[in-house]
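A quick write-up on the structure given underneath.
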Amino acid sequence: MNKIAAIIGCSGCIGILFLFPSSASATSKIPMTFGEVGHSSATAVMSDDVQQLTKLSAKFGFLPPLDWKLAFNEKRGDMTMAEFVPSDESLNNWSRLVCMQGFKGLADDVEPEQFLNSMADTYRQHCQGQVIYQQLGSSKVDGLEAVHGLLGCTSMPNIHSASAVIETSFISPLQGEMGYFTVISDDDDVYLIHKSIRTDIFTPDTAPITIDNYRQFMTQP
């Protein structure tokens, strides 16, 4: 397994959380707010690492609504991750998810398009239906290079690993999963951001996010 594949396989913030089992039932114990990015007057603030991820994500149109929560965040070596879901949902049972990851020092090893293609390959390893992958081109914001794409699976398992709050492992019923993905690169680091939804199982012809409606999807809560 090459370095890129190893990072993607361990990071898991693709919506299919079993690629990163430790996050399957974890929840941040610290109240969080979007106050540092101009959205809330609450007193608790996010960690510096999560603030950096949310500010970068906002530049490319990814910022969770006010009524969402930071369900999980972790810093592991050179990787920082934050996952947001609606306030009444959890990482074991979500319908919508915004995930942000930063990988320090990876920019010399992989181009954004290569990273996104590797994400699609990882999806193919776990999808039990058909993978939908459509590149949407590139953009540049504040000197940051980014590539964008739609990625999903018509029938995806959601595996929950046993943990302190889950006695035994189990698999949720199969669902369709689809998301809008952006991979960003600066001189040193690479960032992966995506907004995904889970729905009933669908077909490639009935995918919930398409090239015709993804902009609308990104503006919805």
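The values are calculated or read from the model by the stated rules, or taken from the named source; none is laboratory data. In this text, all values refer to a predicted model and were calculated from it rather than measured experimentally. Ideal geometry is used to build each Cβ from the backbone, glycine not excepted, and the neighbour counts take in all protein chains shown. Keep in mind that these areas ignore ligands, DNA and RNA; they rest on the heavy atoms of the full protein, side chains included. Shrake-Rupley method; radii C 1.70, N 1.55, O 1.52, S 1.80 Å.
Which entries in the list 104/195; 75/140; 59/195; 69/195 go over 18 Å, if you measure between the two C-alpha atoms of each?
Pairs exceeding the cut-off: 104/195; 75/140.
Express the accessible area of the range 64-162 per residue in Å², computed with a 1.4 Å probe while the remaining protein chains stay in the model.
42
In a shell of Cβ-Cβ distance under 11 Å around residue 153, excluding residue 153 itself, what net charge do Lys and Arg (+1) and Asp and Glu (-1) give?
Net charge in that neighbourhood comes out at +1.
What number in nm² do you get for the range 90-133 if you take the convex hull of its Cα atoms and divide its surface by four?
4.5
Quick one: dipole size for the range 77-117, taken about the Cα centre, charges +1 on Lys/Arg Cβ and -1 on Asp/Glu Cβ, in debye to the nearest 20.
Value, rounded to 20: 160 debye.
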